[in-house]
Amino acid sequence: MSAEFTIPQAVVAPELAWIGWALLLPLLSAALCAVCAAARLPGKLPAFITVLALAASFVIVVRAYNAYTGPVQVPIFEWMSFAWGDGRFQQFTAPCALYIDSLTLFWMLFVTGLGTLIALYASEYMETEKGAGYARFFFGISIFLFAMGSLVMGDNLVMLYLG
């Protein structure tokens, strides 16, 4: 008596490309925080940008969690493609794609939800530290959450390495 264990195949779903915004928003937040640091803008603008971007990422992941029906692969764009012949094993393709399953969504809920709360807490805790370091701190949080999202949602080893 043997039990069979099968792994469900992921369905390619380019119509779910909106899930990619869960990664793009922290990256956009990092870019805006870098501009704030370079311009030496005083105030809580970097914290506001970061908290807003991370909260929006969390909302996107919650929406994806509610719409989940099974494992999917979401192609974003063709990142790298090399071919050095026409035969088998003579090409390398690494698309920028996301792999979404129940475990991925669980961890992304954790990463984006906790990241949002940490950024919100840090915005109040560091209120007296406003300056160039303030914007750099929120730049670092945004880059870290982009990397964590790439690590969790990456479809291939190149995306995993990016994370």
Check your understanding: Just wondering, is there one or more residues in segment 117-129 that are in a helix (DSSP H, G or I), of a type in the set (Phe, Trp, Tyr) and open to solvent by less than 20 Å² (accessible area, probe 1.4 Å)?
Key -> no
Review point. When you look at Ala83, is it in contact with a strand residue (DSSP E or B) (Cβ under 9 Å, 6 or more places away or on another chain) and closer than 17 Å to Gly20 by Cα, yes or no?
Key: no
Practice item. Give the residue, chosen from Phe89, Phe106, Phe82, Phe110, that is on the phi > 0 side of the Ramachandran plot and out of contact with any helix residue (DSSP H, G or I) (no Cβ under 6 Å at 6 or more places or on another chain). Key: Phe89
Check your understanding: Among the residues of segment 56-67, which ones are among the hydroxyl-bearing types (Ser, Thr, Tyr) and open to solvent by less than 100 Å² (accessible area, probe 1.4 Å)?
Key -> Ser57
Practice item. Return the total of residues in segment 91-101 being touching a Gly at 6+ places or on another chain (Cβ under 9 Å) and open to solvent by 10 Å² or more (accessible area, probe 1.4 Å). Key: 4
Practice item. Could you check, for segment 87-110, whether at least one of its residues is in contact (Cβ under 8 Å) with a residue 40 or more places away in the chain and farther than 21 Å from Leu160 by Cβ? Key: no
**Study point:** Positions within segment 130-163 being part of a helix (DSSP H, G or I), touching a Phe, Trp or Tyr at 6+ places or on another chain (Cβ under 8 Å) and either of a type in the set (Val, Ile, Thr) or without any contact (Cβ under 8 Å) to a residue 60 or more places away in the chain (or both), in sequence order
**Key:** Val152, Val158
Exercise for review: Scan segment 68-89 for residues that are outside any strand (DSSP E or B) and open to solvent by less than 60 Å² (accessible area, probe 1.4 Å) and jot them down.
Suggested key: Gly70, Pro71, Gly85, Gly87
Point to revise | Qualifying positions in segment 10-55 - outside any helix (DSSP H, G or I) and surrounded by 14 or more Cβ atoms within 10 Å (Cβ to Cβ) | key: Ala10, Ala13, Leu41, Lys44
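The values are calculated or read from the model by the stated rules, or taken from the named source; none is laboratory data. As the structure is a prediction and not an experimental result, all values here were calculated from the model. No Cβ is skipped: glycine too gets one built from the backbone with ideal geometry, and neighbour counts run over all protein chains shown. Remember, those area values only see protein heavy atoms, side chains included, never the ligands or the DNA or RNA. Shrake-Rupley method; radii C 1.70, N 1.55, O 1.52, S 1.80 Å.
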